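The values are calculated or read from the model by the stated rules, or taken from the named source; none is laboratory data. These numbers were taken from a predicted model, which means no experiment stands behind them. Cβ placement follows ideal geometry from the backbone for every residue including glycine, while neighbour counts extend to all protein chains displayed.
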Amino acid sequence: MPGLDPSALLAAVFSGVLVGWLLGTFGGGGSVLAAPLLLYAVGVDDTHLAIGTSAAGVAAIAAFNLLGHWRGGRVKWPCAWVFGAAGFAGSLLGSSIAKLMDGDVLLLAFAGAMAAVALSMLRRGGSGGDPEARLDAGKMARLVPVGLVVGTASGFFGIGGGFLIVPGLMYAAGLTFSHAAAASLLSVMIFGTATSANYALSGYVDLRLTGALLLGGALGGLLGIRTARRLENRRDLGRRLFAALVLAVAAVIAWDAVGRI
């Protein structure tokens, strides 16, 4: 994407702030807006480039946010590493399939994934889970297949997949929502890195935009972690409002994609 002007880079920075804030607050969901923001706010005109670049940016933002949750003692590392390692192979498979698809068809599928994100967030209940959960053989037997499936979906759609990772960790490892949201950032980082590396091999990553996303995401992540602490008992309202926004954006993208197919 030659000839980026300052306004495009500035738009990418602000996009990173929004994505970082949402990732820091909810542990997932924000990354699903990264590619649409690059397409419609920044002006990227290639779907594959937007997905590859957003995956790289989201991976870097997730790594930054992960540090904050680690310092807060909220990351269950053994469960997080097993889930992330299992999904690594899946993210490579999913992204390889996606690169073979027509851009507009992929964009329509992406809109469907966004709708699934929103509906998942609307259905999500309370925290539940065991604050003292530890990795054992039974949990590992559930974490590996669930991580593989989630990683494949994440790689295919080029999104962090936090909306799937969080409930996946809660189901497979019995984590609370707070611990699952923190641990999910490791998988978002791993899946995004694998996906963006696969896209980069085909020239579908713009490092300038990735840097701009990371710059904004670092600030947004700090704000998001603070927001997460303040909204500990009121996250459901924020999640529903965010889900409504994602549904609206998904509808716009689907309409645009259908009109071009």
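Among the residues of region 174-183, those identified as crowded, with 24+ Cβ neighbours inside 10 Å and out of contact with any Cys (no Cβ under 8 Å at 6 or more places or on another chain) are His179, Ala180, Ala181, Ala182. Out of curiosity, is Ala182 farther than 25 Å from Leu106 by Cα, part of a helix (DSSP H, G or I), touching a His at 6+ places or on another chain (Cβ under 8 Å) and modelled with pLDDT under 90? The answer is yes for Ala182. Checking each residue in region 132-179 for being closer than 21 Å to Ala63 by Cα, small (Gly, Ala, Ser) and in contact with a Lys or Arg (Cβ under 8 Å, 6 or more places away or on another chain) picks out only Ser178. Being part of a helix (DSSP H, G or I), among the polar types (S, T, N, Q) and at pLDDT 85 or above is a description that does not apply to Ser202. Confirm whether Ile159 is of a type in the set (A, V, I, L, M), assigned to a loop (DSSP other than H, G, I, E, B) and crowded, with 24+ Cβ neighbours inside 10 Å. Criteria met by Ile159. Contact map, region 98-120: residues that are under 19 Å from Val150 (Cβ atoms) paired with residues that are in a loop (DSSP other than H, G, I, E, B) and of a type outside the set (Ser, Thr, Tyr), Cβ distance under 6 Å, separation 6+ or inter-chain. Pairs shown: Val117/Gly29.
Restricting to region 114-135, and then to whatever is at pLDDT 70 or above and part of a loop (DSSP other than H, G, I, E, B), can you tell me which residue is surrounded by the fewest Cβ atoms within 10 Å (Cβ to Cβ)? Only one residue tops the list, namely Glu132. Each residue in region 184-213 was checked for being closer than 20 Å to Val144 by Cβ and surrounded by fewer than 23 Cβ atoms within 10 Å (Cβ to Cβ), and 2 pass.
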